[in-house]
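Asks: Sharing a structure, written as structure tokens. Questions coming.
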Amino acid sequence: MLIDNYGRPWLKLRIVVNSVCNYRCLFCHFEGQGKFLSRELSAEDIGFVALVAKDLGVDDFKITGGEPLLRRDIVKVVDEINKVGPKDLSMTTNGYFLDVYAEDLLNHGLSRLNISLHSLDKGRYRFITGVDALDKVLENIDYVNRLGFKQVKINVVVLRGLNTDEIPMMIRFAAKYGLVLQLIELMPMGEGFPVFARYYDDLSDVINWLNKHGKLLGTRKDLHNRPIYEVDGVKVEIVKNYNNPSFCAGCTTMRLTSDGRLKTCLYKEPAVDLWPYIGTRDREGLMKAMIYANSLRKPNFIEGASGNLGKIRIRVRIGDLTY
Ligand SMILES: Nc1nc2c(ncn2[C@@H]2O[C@H](COP(=O)(O)OP(=O)(O)OP(=O)(O)O)[C@@H](O)[C@H]2O)c(=O)[nH]1
Ligand SMILES: C[S@@+](CC[C@H](N)C(=O)[O-])C[C@H]1O[C@@H](n2cnc3c(N)ncnc32)[C@H](O)[C@@H]1O
Ligand code: SF4
Ligand code: SF4
């Protein structure tokens, strides 16, 4: 197992499989990678990276995007990662195409699903995601929940004045289906940056509410020291990362971008380009590049230091495009 210079093991790989999406969420951070990329790893390439990461002690893989289910070969991607024998293989999705793929994904080794569901109100859902698809996603949640995944988690990005009043309803929804609920603090990244001042909620009211109506079960030692509450039998996980040194102190992940770079932190560079070693299937070169990337890992928020969001970029919007 690799440990970085801050004593944090590298246990998990977030694999960003594409940069396209059928949604336009008003806060999307694009997993810290660009929207328009000139190259994309194949399913076999991703499997090769997973294999070498596994040799280095990483056995927990998360597939994300863009929208991963827009990749026509997504089942093959899962299959290639599953071949390396991971302890955990999960996917985060907006849920729109789960009716098409969920059963195949399960049969090829996907064990858990995180499904983003930022509101239970049709109008709000459309406003947040840009798509009128609440009913379809609710149907898909009902469907996948009966298939037998090890866990189905609902992701809610908490948005001040938009969905904070829905948390008790979300808990009732999760209770009805036996789901885990994950409440996520908005991050000032990508599209989340320009809307941060308007919609940011620091989750303190949410946490007070959880303390009053539920109980703290403990914290996730494998990932970000995230607090887990229980309310009415529902597990509620808190993802509060902004300006939170305890979150970064428990960071055990790096990100493989869809164009083959290993990003040491969601918020910022450096990233190490793995592409040359992947293309030539150079196992030793890839391993060395990963070891080097691990040596560059650094907590983004550190106790006593003011928040560091990395390089400040000026963003310009022309029509539908942001540069
Ligand atoms: N700042 C920061 N945010 C992260 C990191 N990993 C995940 N997140 C955020 O956590 C939220 C939930 O991410 P998911 O893709 O559902 O995955 P997860 O909850 O981290 O993973 P599991 O608990 O294993 O399912 C998203 O908003 C991610 O951007 C990280 O390393 N740093
Ligand atoms: C980038 S999305 C990719 C997967 C998939 N398209 C989806 O939305 O679930 C991964 C997760 O990050 C969350 N997310 C996106 N932008 C965010 C932001 N600015 N702050 C916090 N979470 C964000 C999404 O809600 C989703 O749960
Ligand atoms: S958060 Fe997910 S669903 Fe929403 S725009 Fe980003 S990638 Fe698409
Ligand atoms: S902000 Fe960077 S260092 Fe902190 S938890 Fe996220 S990826 Fe890790």
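Asks: For region 95-197, calculate the relative contact order in percent as a whole number, restricting contacts to Cα pairs under 8 Å that are 6 or more residues apart.
Replies: Contact order relative to length: 28 percent.
Asks: Might you report the magnitude of the Cβ-based charge dipole of region 36-136 about its Cα centre, with Lys and Arg at +1 and Asp and Glu at -1, to the nearest 20 debye?
Replies: 280 debye
Asks: Ok, one more. Would you list which aspartates and glutamates come within 12 Å of residue 136, measuring only between C-alpha atoms, while excluding same-chain residues fewer than 8 positions from it?
Replies: Excluding near neighbours in sequence, the set is 99.
Asks: Compute the orientation-averaged projected area for region 71-128 from the convex hull of its Cα atoms and round it to one decimal in nm².
Replies: It is 4.5 nm².
Asks: What does the charge add up to near residue 84, with Lys and Arg as +1, Asp and Glu as -1, over the other residues with Cβ less than 11 Å from its Cβ?
Replies: Overall, the nearby charge balance is -1.
Asks: Tell me, rounded to the nearest percent, the portion of alpha carbon pairs in region 159-258 spaced more than 15 Å apart.
Replies: Tail of the P(r) past 15 Å holds 66 percent of the pairs.
Asks: How much length is gained if the chain between residue 160 and residue 212 is pulled fully straight, taking 0.36 nm per residue apart and subtracting their Cα-Cα distance, in nm to one decimal?
Replies: Result for the pair: 16.7 nm of gain on full extension.
Asks: Also, quick follow-up: Give the residue from 294, 258, 168 lying farthest towards the positive end of the charge dipole for the chain; charges sit on Cβ (+1 for Lys and Arg, -1 for Asp and Glu) and the dipole is referred to the Cα centre.
Replies: 294
Asks: So, by mean Cβ neighbours within 10 angstrom, what's the order for 189-200, 63-74 with the highest one leading?
Replies: So the peptides 189-200, 63-74, ranked by packing, come out 63-74, 189-200.
Asks: Have a look at 61, 32, 48 and report the one farthest towards the positive end of the charge dipole of the chain, computed about the Cα centre with Cβ charges (Lys/Arg +1, Asp/Glu -1).
Replies: My answer, from the dipole projection, is 32.
Asks: Counting each DSSP H run of 4 or more residues in the chain as -39500 (n - 2.57), what helix-only mean residue ellipticity at 222 nm follows after dividing by all residues, to the nearest 500 deg cm²/dmol?
Replies: Value at 222 nm, helices only, nearest 500: -9500 deg cm²/dmol.
Asks: Also: At a 10 Å Cβ-Cβ cut-off, how would you order 106, 186, fewest neighbours first?
Replies: 106, 186
Asks: Beyond 33 Å, what share of the Cα-Cα pairs of the chain remains, rounded to the nearest whole percent?
Replies: 22 percent
Asks: I've got another one for you. Which three extents, in angstrom, do the Cα atoms of region 21-130 have along their principal axes, listed largest first?
Replies: Largest to smallest, the principal-axis extents are 46, 31, 24 Å.
Asks: Suppose every K and R has +1 on its Cβ and every D and E has -1 on its Cβ; what is the size of the dipole of region 105-244 about the Cα centre, in Debye to the nearest 20?
Replies: For this selection, approximately 380 debye.
Asks: A further question on this structure: Round to a whole angstrom and tell me the spacing of the C-alpha centers of region 239-284 and region 88-113.
Replies: The two parts, judged by their Cα centres, are 23 Å apart.
Asks: Between beta-carbons, use under 13 Å as the cut-off and find the net charge around residue 131, counting Lys and Arg +1, Asp and Glu -1.
Replies: Surrounding charge for residue 131 is +2.
Asks: If you don't mind, another one. Near residue 235, which lysines are there with a Cα under 24 Å away, not counting those fewer than 8 places off in the same chain?
Replies: Partners found: 12, 62, 87, 150, 153, 176, 212, 215, 221.
Asks: Residue by residue through region 196-213, which ³J(HN,Hα) values in whole Hz follow from phi under the Karplus form 6.51 cos²θ - 1.76 cosθ + 1.60 (θ = phi - 60°), with glycine and proline marked x?
Replies: 4, 4, 7, 10, 5, 10, 7, 6, 5, 5, 4, 5, 4, 5, 5, 5, 7, 9
Asks: Can you tell me, using C-alpha contacts under 8 Å and at least 6 residues apart, the relative contact order of region 3-296 as a whole percent?
Replies: 21 percent
Asks: Tally Lys and Arg at +1 and Asp and Glu at -1 over the other residues with C-beta under 10 Å from the C-beta of residue 259: what net charge comes out?
Replies: 0
Asks: Restricting things to alpha carbons, tell me how big region 1-58 is in terms of Rg and Dmax, in Å.
Replies: 14.6, 39
Asks: Treating only the Cβ of Lys, Arg, Asp and Glu as charged (+1, +1, -1, -1), what charge dipole size does the chain show about its Cα centre? Round to the nearest 20 debye.
Replies: My answer is approximately 580 debye.
Asks: Taking only the C-alpha atoms, wrap a convex hull around region 217-301 and report its volume per residue in Å³ as a whole number.
Replies: Given the Cα convex hull of region 217-301, per-residue volume reads 116 Å³.
All of the numbers you see were taken from the coordinates with simple rules; none came from a lab. From a predicted model like this one, the values you see are computed outputs, not experimental measurements. Please note: Cβ atoms are built from the backbone with ideal geometry, for glycine as well, and neighbour counts cover all protein chains shown.
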